[in-house]
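The structure appears right after this line, and notes come after that.
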Amino acid sequence: MSKPSTLGGACIIASVCVGAGMLGLPSAGAGAWTLWSVIAISFTMIMMTLSGWLLLEALKHYEFKASFNTVTKDVLSNKVNFINNLSLYFVGGILLYAYISTSGMIFSEMLGVTRELASVLFVAFCSAFVLHSTRAVDRISIVLILFMIISFVLGVSGLASHISMPVLFAQAQGETPYSAYALALLPVALTSFGYHHSVSTMRDYYQDERRAKKAILGGTLIALTFYLGWVICIFGNLPREAFGPVVAAGGGVDVLMSALTAAIDSNSIKQALHIFSIAAIVSSFIGVGLGVFDYLADLFGFADTKQGRVKTWGVTFMPPLVLSLVAPFGFVTAIGLAGAAATIWTCIIPATLAKTLRQKVPVQDGFVVPGGNVTIYAVIAFGVLTAAFHLLAMANLLPVFKG
Ligand SMILES: N[C@@H](Cc1ccccc1)C(=O)O
């Protein structure tokens with residue numbers, strides 16, 4: 001078999017990254033606006049790449065098949081591993097919840113039914129692929145990704161040709177400086193660069209940490225390019241004041257899209273953006289759904305039979321659906337909450353694993369993340385502060401942009 005290419009692995013990482021986080025970035029970054037959003041997103045990319053590398057460094061002491069789970073249990077403890085798994089499940093569940101709530105709003109308008117019915121129909125239809133098999137998910141994902149790429153290129157290039165420089169680089173007038181709002185963007189940016197459950201897969205794929213390291217960096221760089229293009233094209237078309245109603249309505253993709261379509265008059269750009277947002281929601285829902293499905297099947301020991309799969313389907317999709325029917329809260333708040341929980345297994349645990357193993361094995365062969373202890377402490381501090389920023393923003397103790 002030929003050796004897997006670095007680009008192939010980078011594309012896998014990029015496709016894991018691109019999802020809910022990206023859709024939340026414009027609304028979450030509206031307060032910080034262009035310059036500070038670009039800085040916050042780029043900084044997050046660096047920290048999240050380093051944290052993935054630290055996990056890779058920790059894994060090198062184990063066989064290629066070893067998972068995140070095995071290593072955490074072995075190096076830290078069962079208790080820490082339990083918390084790690086809990087935060088993993090929480091992130092999956094809250095992302096599903098955000099997709100279900102948003103799809104309810106998008107499809108209720110399109111189909112002319114209530115939001116609740118639209119959410120139920122969406123879950124029934126899209127989760128059927130997951131219930132059927134991984135193969136079905138694989139097939140439909142290819143179609144969705146093609147739709148996403150074509151509509152993204154058409155929509156974003158359309159937006160790019162209409163960018164207004166004064167709008168894009170608008171300066172703060174009097175009130176709070178834009179930089180202060182950048183803190184509240186960090187949790188959403190952190191979610192958008194989450195891919196860490198795939199690090200052990202990458203290592204096994206290349207059978208070599210140094211190549212896996214390049215693929216991870218390639219993947220986060222591709223994701224960064226998408227995010228910056230996306231945010232800049234939107235901020236160049238929709239003035240900061242126009243984000244007031246979007247943020248007030250929870251910052252969901254549905255409201256963002258209506259605001260954008262009101263601001264541009266090209267029908268083809270509108271259509272392309274509409275198709276993009278639907279394809280992005282559906283593909284992320286199915287991707288995250290499959291991840292949580294497999295994880296829960298393993299956790300509860302449900303068999304891979306028809307009956308077993310139906311049980312796993314129930315525990316995977318019912319809790320987020322019910323929660324979204326009874327308590328639909330804002331998209332950006334949900335994505336930020338996912339970031340605040342994801343920081344446990346994407347920053348804090350990887351850095352702690354690498355630190356513990358560096359102490360246990362003082363002479364290190366092979367892949368070592370540069371920067372010594374400074375890198376480790378910087379990643380931990382970034383993780384802890386990002387979670388804190390989200391909680392402070394939720395408690396209204398941090399400047400939150402309201403338009
Ligand atoms: N990056 C993914 C979500 C994710 C978060 C954390 C870890 C893994 C995945 C998204 O934005 O949709």
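Things to note:
- Filtered residues of segment 184-200 (kept if open to solvent by 10 Å² or more (accessible area, probe 1.4 Å) and more than 11 Å from the ligand (Cβ to nearest atom)): Ala184, Leu186, Ser200
- Scanning segment 182-212 for residues that are under 20 Å from the mean Cα position of the chain (by Cα) and not aliphatic (A, V, I, L, M) yields Pro187, Thr191, Ser192, Phe193, Gly194, Tyr195, His196, His197, Ser198, Ser200, Thr201.
- The set of residues in segment 261-283 that are touching a residue at least 60 places away in the same chain (Cβ under 8 Å) and hydrophobic (A, V, I, L, M, F, W, C) comprises Ile264, Ile269, Ala272, Leu273, Ile275, Phe276, Ile278, Ala279, Ala280, Ile281, Val282.
- In this structure, Tyr205 does not satisfy being among the aromatic types (Phe, Trp, Tyr), part of a helix (DSSP H, G or I) and surrounded by 20 or more Cβ atoms within 10 Å (Cβ to Cβ).
- Filtered by the rule that a residue be among the hydrophobic types (A, V, I, L, M, F, W, C) and within 13 Å of Val292 (Cβ to Cβ), segment 99-122 gives a lone residue, Ile100.
- No other residue among Ala248, Ala280, Ala242 is among the small types (Gly, Ala, Ser), over 30 Å from Trp313 (Cα atoms) and open to solvent by less than 40 Å² (accessible area, probe 1.4 Å) apart from Ala242.
- In this entry, Gly219 is excluded by the filter for residues that are within 16 Å of the ligand (Cβ to nearest atom), outside any helix (DSSP H, G or I) and crowded, with 21+ Cβ neighbours inside 10 Å.
- Exclusive hit being in a loop (DSSP other than H, G, I, E, B), of a type outside the set (Val, Ile, Thr) and within 16 Å of the ligand (Cβ to nearest atom), set Gly287, Gly251, Gly291, Gly339: Gly251
- Residue in segment 343-353 that is within 16 Å of the ligand (Cβ to nearest atom), among the small types (Gly, Ala, Ser), within 30 Å of Glu116 (Cβ to Cβ) and buried (at least 16 other Cβ atoms within 10 Å of the Cβ) present: no
- Looking across segment 67-82, the residues that are outside any helix (DSSP H, G or I) and within 18 Å of Lys360 (Cβ to Cβ) come down to Leu76, Ser77.
- Check on Ser15, over 12 Å from Val231 (Cα atoms), small (Gly, Ala, Ser), open to solvent by 50 Å² or more (accessible area, probe 1.4 Å) and within 16 Å of the ligand (Cβ to nearest atom): yes
- Test: residue in segment 27-35 that is of a type in the set (Phe, Trp, Tyr) and within 24 Å of Ala381 (Cα to Cα): no
The values are calculated or read from the model by the stated rules, or taken from the named source; none is laboratory data. None of the values given here were measured: they were computed from a predicted structure. Neighbour counts are summed over all protein chains in view; Cβ atoms, including those assigned to glycine, are modelled from backbone coordinates with ideal geometry. Ligands, DNA and RNA are stripped out before the accessible areas are found, and what is left, the full protein with its side chains, is counted by its heavy atoms. Shrake-Rupley method; radii C 1.70, N 1.55, O 1.52, S 1.80 Å.
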